[in-house]
Amino acid sequence: MVRQWPVKILLVSPKAPFLQKDSLIIAAECTLLVNPEILERFSKGETVLIGCPLLENLDSLSEKIGKIFENSKIKRVNVYTMEVPCCHAIHVIVNRSIKAQPGVQVEGYIVRVATGKVEPYEPGHIDESMLEMERLAHGR
């Protein structure tokens, strides 16, 4: 059941009432399909925004996320991306955006493609599994 609308980062108004909570989940679109726990959190009423850094303009995503933080009461953000390196751009965008918003806590996670397992995100860390999933997904 959808408890908020819209869910796409680029479509949401930075002043949307559902962004006036203290926590937010920003997730790569694929994570909701690979890890059912993230989808469950959305269905329980947590505020979840989704996007895809591969298919969307990164400058637009960055600008919108920055405006969301400027206009909301968010104090805690959980970021979930797939393990593929292209997805890590969401972590970078969120971390850059919150630098202008002191007091916002960010926790980052990656979701493994094959298992759906959630692991802490380590900035700059790219392992062999990540590279293999990138090759499988994007042919490079």
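Comparing mean-square fluctuations of G45, G116, G66 from a GNM of the chain with C-alpha springs under 10 Å, the top value falls on G45. Computing FRET efficiency as 1/(1 + (r/R0)^6) for D127 and Q20, where r is the C-beta to C-beta distance and R0 is 35 Å, gives about 0.40. With one equal scatterer per alpha carbon and no solvent term, the Debye-computed log10 I(q)/I(0) for the chain at 0.14, 0.19 1/Å reads -0.60, -1.11.
Taking 0.36 nm per residue of separation and subtracting the current Cα-Cα distance, fully stretching the chain between Q4 and D59 would add 17.4 nm.
Would you please calculate the Kirkwood hydrodynamic radius of region 82-140 over all C-alpha pairs and express it in Å, rounded to one decimal? Could you put the intermediate results ahead of the total?
On the way: mean 1/r = 0.0808 Å⁻¹.
Final number for the Kirkwood radius of region 82-140 is 12.4 Å.
Determine the dipole magnitude for region 83-140: charges of +1 sit on the beta-carbon of Lys and Arg, -1 on that of Asp and Glu, nothing else is charged, the reference point is the Cα centre, and the result goes in debye to the nearest 20.
Details: 6 positive and 8 negative charges, 52 e Å.
So the dipole magnitude of region 83-140 works out to roughly 240 debye.
What fraction of the DSSP beta bridges in the chain is antiparallel, stated in percent and rounded to the nearest 5?
15 percent
Fully extending the segment from Q105 to E119, taken as 0.36 nm per residue of separation minus the present Cα-Cα distance, adds 3.3 nm.
In a reduced charge model with +1 at each Lys and Arg Cβ and -1 at each Asp and Glu Cβ, region 17-138 shows a dipole moment near 560 debye about its Cα centre.
Considering only V77, V92, V111, the Gaussian network model of the chain with Cα springs below 10 Å gives its largest mean-square fluctuation to V92.
Summary value for the chain: 25 percent relative contact order, contacts being C-alpha pairs under 8 angstrom separated by 6+ residues. Per-residue extension of 0.36 nm, minus the Cα-Cα distance of L33 and S13, leaves a gain of 4.8 nm for this segment. Across P85, P14, P102, mean-square fluctuation computed from a Gaussian network of the chain (C-alpha pairs under 10 Å connected) peaks at P102.
Throughout, read-outs are computed from the coordinates displayed, never taken from laboratory work. A quick note: this is a predicted structure, and the numbers were derived from the prediction, not measured. Glycine gets a Cβ as well: all are built from the backbone with ideal geometry, and neighbour counts include every protein chain shown.
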